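Quick notes on the structure that follows.
What follows draws every value from the coordinates through simple rules; no lab data is involved. From a predicted model like this one, the values you see are computed outputs, not experimental measurements. Here Cβ is always computed from backbone atoms with ideal geometry, including for glycine, and neighbour counts include all displayed protein chains.
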């Protein structure tokens, strides 16, 4: 989308709730929260387990970046210096994420 609001591009078409977008530090991708992988066939609805995903700004290259049973949302990123610490999940080394846990009520940092 241009700065004046024109040229909007839809990035997802999955029927789920996709929200809380944030720019990746490279300026070419968006990180967002979605419940797209929490479909409940028995009630024919998406559930409440939100995970974080990354997608190119043209809508290609969708990648899930968190895998857990808590509510992951409000992604924000920042550039990170190189570190030898390992990440709790496989998140790109240049990316740090802070997520909110509905179970603990605490913000949790993920990244390398």
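Conditions tested, residue by residue: (1) touching a residue at least 40 places away in the same chain (Cβ under 8 Å); (2) part of a strand (DSSP E or B); (3) over 11 Å from residue 73 (Cβ atoms); (4) within 15 Å of the chain's Cα centre (by Cα).
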{"position": "9", "(1), (2), (3), (4)": "yes, no, yes, no"}
{"position": "13", "(1), (2), (3), (4)": "no, no, yes, no"}
{"position": "32", "(1), (2), (3), (4)": "yes, yes, no, yes"}
{"position": "36", "(1), (2), (3), (4)": "no, no, yes, yes"}
{"position": "43", "(1), (2), (3), (4)": "no, no, yes, no"}
{"position": "52", "(1), (2), (3), (4)": "yes, yes, no, yes"}
{"position": "55", "(1), (2), (3), (4)": "yes, yes, yes, yes"}
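In the stretch 15-29, the residues that are on the phi < 0 side of the Ramachandran plot and in contact (Cβ under 8 Å) with a residue 60 or more places away in the chain form Cβ pairs under 8 Å with partners that are surrounded by 17 or more Cβ atoms within 10 Å (Cβ to Cβ) and outside any strand (DSSP E or B), at six or more places apart or across chains, as follows: 24/77; 24/95; 25/77; 25/95.
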